[in-house]
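The values are calculated or read from the model by the stated rules, or taken from the named source; none is laboratory data. Please read these numbers as outputs of a predicted model, since none were measured by experiment. Note: ideal-geometry Cβ built from the backbone for every residue, glycine included; neighbour counts use all protein chains shown.
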Amino acid sequence: MARAVCLDDDGRSCENQVGRSASSWGGREEEKLLYAGCDLGVATAKVAVIDEEGLLAFEILAYSGFPQEAAAAATERALARVGVPRSRLKRYLSTGFGGKAVPHSDGAVPDTACLHRAVRMLDPRVRTVVSVGGHSFSVFHIRDDGGLGESAITDMCTAGMGLMLETVAVALDLPLDGWDPGVQRPGQVPFIDNQCPIFAESEAISLVNEGHDRHDVQAGVTAAVANKIAGLTRRLGVRREVAIVGGVAKNRAVVGLLERNLQLGFAGLSGMDPQVVAAYGAALLAQEGCSLDTERLSSSVSEHLRRKGGS
């Protein structure tokens, strides 16, 4: 199932505005340059389309088949939201776990570089970024001069990531974010220590068979995930303001527990869907002319970000 959304400059939904803008393009508007970024993860493809004035549209497409096809379909749907063909794209960069597999991409960019650029655009006050997706999670700092600071990443066996939450939710036949961390569970919330989604699913089912309420089991898994993310964040160091991005950032239970654990409130990033931030950053880097030579792309991005650090 796919979901396409557009945001205006204030972060409000503007699906109809996109349609009107696209249908009214003509003459001088047809000369506008368009750029796109695709963040291809292990479960979803995200695409953002921008022009010189900002974000035009984005698409989030969940997939279970071939990732290349998902990336192509998400790109076509995002462009359809704007009402233009792929040939209108001046430059198209990709990122994420499957960034190098995105068809027709002009180059693959490290996801940290994309997130850094997007967050700097959305909220220059942010100094710590927590990125939690389906496969891994990472934390990095943004220096006061705008440059990239220290970073840390965990990707072993998808520990504490979206796939684990989704697998257990399906096994328990519960909504992915159905547990409200603000409501005290009346039962005993079990401790879940398995880091692999397959073993966590097995443990969750075993706990239900032992008599635990399935909602308590989900609460235990959610708490374990939040604790792992908070632990890595603390090890790197919490520098405010703090933003959380990625698909898990849309899980209210995880976010609520993290805010309580870290004793903070996450920055809103101008209302941007947190799952699309990396794709938006890739589009920004495409617009700003990063090298399309894939062998030199990483160094080109690093130099570009150093120059843009204070912007």
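General remarks:
- Just one of the numbered conditions (1) at pLDDT 90 or above; (2) crowded, with 20+ Cβ neighbours inside 10 Å is not true of Val221: (1).
- Picking from residues in the range 68-97 that are of a type in the set (A, V, I, L, M, F, W, C) and assigned to a strand (DSSP E or B), the one that is farthest from Ile153 (Cα to Cα) is Leu89.
- Of the residues making up the range 226-238, those that are closer than 14 Å to Arg260 by Cα and among the hydrophobic types (A, V, I, L, M, F, W, C) are Ala226, Ile229, Ala230, Val238.
- Tally, over the range 84-99, of residues that are over 14 Å from Leu34 (Cβ atoms) and free of Cβ contacts under 8 Å to residues at least 60 places away in the same chain: 2
- Flag for Ser298 being at pLDDT below 95, surrounded by fewer than 16 Cβ atoms within 10 Å (Cβ to Cβ) and hydroxyl-bearing (Ser, Thr, Tyr): no
- Of the numbered criteria (1) out of contact with any Ser or Thr (no Cβ under 9 Å at 6 or more places or on another chain); (2) modelled with pLDDT of 95 or more; (3) not assigned by TED's automatic domain parsing to the domain that holds Ala152, the one Arg234 fails is (3).
- Among (1) touching a residue at least 12 places away in the same chain (Cβ under 8 Å); (2) within 18 Å of Val139 (Cα to Cα); (3) surrounded by fewer than 24 Cβ atoms within 10 Å (Cβ to Cβ) - the single one Glu288 does not satisfy: (2)
- Of Lys100, Lys46, all but one fail to be assigned to a strand (DSSP E or B) and of a type in the set (Lys, Arg); the exception is Lys46.
Residue by residue, here is whether (1) closer than 29 Å to Glu241 by Cα; (2) modelled with pLDDT of 95 or more; (3) assigned by TED's automatic domain parsing to the domain that holds Ala223 holds:
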site	(1), (2), (3)
Ser105	no, yes, no
Gly134	yes, no, yes
Leu163	yes, no, yes
Val189	no, no, yes
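- Candidate set: the range 239-269, residues that are in contact (Cβ under 8 Å) with a residue 40 or more places away in the chain and more than 29 Å from Cys38 (Cα to Cα); chosen: the one surrounded by the fewest Cβ atoms within 10 Å (Cβ to Cβ): Arg260
- Apart from one condition, Ile153 fits all of (1) crowded, with 17+ Cβ neighbours inside 10 Å; (2) closer than 18 Å to Ala249 by Cα; (3) of a type in the set (Val, Ile, Thr); the exception is (1).
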